1. So what's the Cα pair-distance distribution over segment 227-303, bin width 5 Å, in %?
2. If you put +1 on each Lys and Arg Cβ and -1 on each Asp and Glu Cβ, how big is the dipole of the chain around its Cα centre, in Debye rounded to 20?
3. Quick one: angle between helix 55-81 and the longest Cα principal axis of the chain, in degrees between 0 and 90, rounded to 10, please.
4. Looking at the chain, I'd like the Rg to Rh ratio, where Rg is from alpha-carbon atoms and Rh is Kirkwood's inverse mean 1/r.
5. Could you tell me the largest-minus-smallest coordinate of the C-alpha atoms of segment 122-233 on each of the three principal axes, in descending order and whole angstroms?
6. Whose amide H sits under 5 Å from the amide H of THR255, counting only residues 5 or more places off or on another chain, with H placed in the peptide plane?
7. With label points built 7 Å along Cα→Cβ from the Cα atoms of ALA292 and LEU76, find their separation and express it in nm.
8. Based on alpha-carbon centroids, what's the gap between segment 93-137 and segment 185-202 in Å, whole number please?
Amino acid sequence: MHTVTGTREPADYVAGRFDDAGDRRQANRAVGVSAVGLAVTGLVELGIAVLTGSVGLLGDALHNLSDVSTSLVVFLGFRVSRRTPSERYSYGLERAEDLAGLGVALVVWASAVFAGWESAHKLLAGSGTSHVGAGIAAAALGIVGNQLVARYKLRVGRRIQSATLVSDAKHSWLDALSSAGALAGLVAVAAGQRWGDPVAGLAVTLFICHVGWEVTTDIGHRLLDGVDPGVLTAAEHAAATVPGVRHAHARARWTGRTLRIEIEAWVDPALPIAATDQLGGRVIEAVHEAVAEARAVTVIPRAMPEPASPATS
């Protein structure tokens, strides 16, 4: 067996097919619009909650207002992630977006603790609720406001491949369920069931815990470099179909909104460097066609070992 030298390792190819500046503008606009919408909704609910004494509505109002601070965390994550690569951070600070997602998760869990505590306290104390009609109207406003915000952020987050914005959208969807729980409790109170409000608050707490778990696992998956196995399968298949590639192995990771795919491509060891470069370019095109969400593709050519000659006696 002999080794052929002259192949460059690693050879990097990065295709800029995404408008990063435009994506950031969309993200910042989504965060800003949602923050204003949630602030208005939360303040209205808070005022009515104080008037009615509804613990379910109070928890929902404070939850909505806490989302304004969550939006600030997301905004800061996008601002920090725009920093250009440096000698210390050679990939830039794109993971700041994922760390901001952890902030979203912490707010969700804190909301669960608060809602659960307040609901249990009112259930045990047996205190009543007044001005139920106004409370029902405020809870309905909370449902509509949060649904509109959630759908807007989810649409933008999926378009620009932002896990943090998608997580924040799920959080807003949670708030709509929280408002629905508060509404159900107030309807029960209107029907003469005093316990309806605190029991609804406990149900809302369970919804919060469920979404908190989903948000936490989604962000943790990215921070631990988890990817959909189908991405690796598609990338390997696309690379292996390029003439001249004898075998391909793929690795991938997310850094913020950037899906980075690394392809090890085994090629003929006698292939000249220039031809290897051209082959790498074809591999990149094939991988981008197969994995549309990939933003950066790296190709590392490997010299395919020649079969050992049979031993002679």
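Readers should treat all values here as calculations from the given coordinates under stated rules, not as data from a laboratory. None of these values were measured; they are calculated from a predicted model. Cβ placement follows ideal geometry from the backbone for every residue including glycine, while neighbour counts extend to all protein chains displayed.
1. Whole-percent P(r) values from 0 Å outward: 3, 18, 32, 23, 13, 7, 3, 0.
2. That gives a dipole near 540 debye.
3. Tilt of helix 55-81: around 30 degrees.
4. Computed over Cα atoms, the ratio is 1.19.
5. On the principal axes, segment 122-233 reaches 59, 27, 17 Å in Cα extent.
6. So THR255 has HN proximity to ARG260.
7. Result for the modelled spin labels: 3.6 nm.
8. The distance from the Cα centre of segment 93-137 to that of segment 185-202 comes to 17 Å.
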